[in-house]
1. Using the 4.7 Å Cβ rule, please list in number order the cysteines from the chain without any candidate partner.
2. Using +1 at the Cβ of each Lys and Arg and -1 at the Cβ of each Asp and Glu in the stretch 43-190, identify which of 175, 139, 96 lies farthest towards the dipole's positive end.
3. What is the percent carbon and sulfur in the accessible area of the chain, measuring with a 1.4 Å probe over the protein chains and ignoring ligands?
4. Restricting everything to alpha-carbon atoms, can you work out Rg to Rh for the chain with a Kirkwood hydrodynamic radius?
5. Rounded to a whole number, what is D in µm²/s for the stretch 140-190 from Stokes-Einstein with the Kirkwood radius over alpha-carbon pairs (20 °C, 1.002 mPa s)?
6. Enumerate the calculated ³J(HN,Hα) couplings along the stretch 45-54 in order (Karplus 6.51 cos²θ - 1.76 cosθ + 1.60, θ = phi - 60°), each rounded to whole Hz, writing x wherever the residue is Gly or Pro.
7. In what sequence, highest mean first, do 18-28, 103-113 appear when ranked by Cβ atoms within 10 angstrom?
8. So with the 1.4 Å probe, I'd like the accessible area per residue for the chain, rounded to whole Å².
Amino acid sequence: ITAPADVSAECTAPAGTPVTLGDATASDVVDPDPTVTNNAPAVFPFGSTTVTWTVTDASGNQATDTQVVTVVDTTPPLLLPPPNVTVECKLGTAFLGLASATDNCDPTPVVSNGSPPIPLADFPLGTTTVEWRAVDASGNVALAHQLVTVVDTTPPVVSAPPNLAVPCQGAQGTPVGLGSGSATDACDGA
């Protein structure tokens with residue numbers, strides 16, 4: 001008996017991958033039609049599996065040969081980042097949300113954005129790109145991006161100096177010291 005050539009297949013599911021093995025060739029000097037069997041599972045796990053092919057002739061004589069089936073994982077996970085976020089500068093503490101990932105071979109790829117969830121209050125004014133990563137058990141990496149836009153649409157709060165009443169000093173006008181106003185803003189410290 002001669003087993004089919006070794007074969008490699010891309011992983012299609014965590015529970016196992018169906019693989020087309022090919023056909024073994026067998027001959028016998030007495031039995032023109034010996035029986036060929038193998039011990040292959042219905043689906044193959046990730047990694048290498050040795051399949052034993054057996055030929056049995058009409059007299060019960062047997063011979064074996066082996067074939068190696070290798071299931072590999074070279075496909076990165078499918079990564080879905082959270083929706084883009086727009087938040088008013090320094091108001092509230094909304095968060096980025098969570099990304100999700102699925103993978104053909106790894107049921108639980110690891111998802112991260114390089115740091116713990118960041119309160120949006122810590123992002124600068126403007127648009128920041130957050131890079132999300134998903135890594136499966138084979139080390140395949142997927143990247144996706146989320147935009148965090150911090151806007152400032154709230155006007156400052158201004159405080160005028162107190163009202164003044166001064167006596168008139170002449171027909172040409174009266175010099176008056178107005179004092180100083182002040183302003184605060186949620187986003188602009190100055």
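The values are calculated or read from the model by the stated rules, or taken from the named source; none is laboratory data. Just so it is clear, the structure is predicted and the values come from calculations on it, not from any experiment. As a convention, Cβ positions derive from the backbone with ideal geometry for all residues, glycine included, and neighbour counts pool all protein chains shown. Accessible surface areas use protein heavy atoms only, side chains included; no ligands, DNA or RNA. Shrake-Rupley method; radii C 1.70, N 1.55, O 1.52, S 1.80 Å.
1. 168
2. Value computed over the given set: 175.
3. Values: 6700 of 11770 Å².
Answer for the chain: carbon and sulfur cover 57 percent of the accessible area.
4. Working: Rg = 36.5 Å, Rh = 23.6 Å.
Result for the chain is an Rg/Rh of 1.55.
5. For the chosen part, D equals 132 µm²/s.
6. Result, ordered by residue: x, 4, x, 9, 10, 8, 9, 9, 9, 10 Hz.
7. On the way: 18-28: 14.4, 103-113: 17.8.
Highest-to-lowest ranking by the protection proxy: 103-113, 18-28.
8. Here the residues of the chain average 62 Å² of exposed surface.
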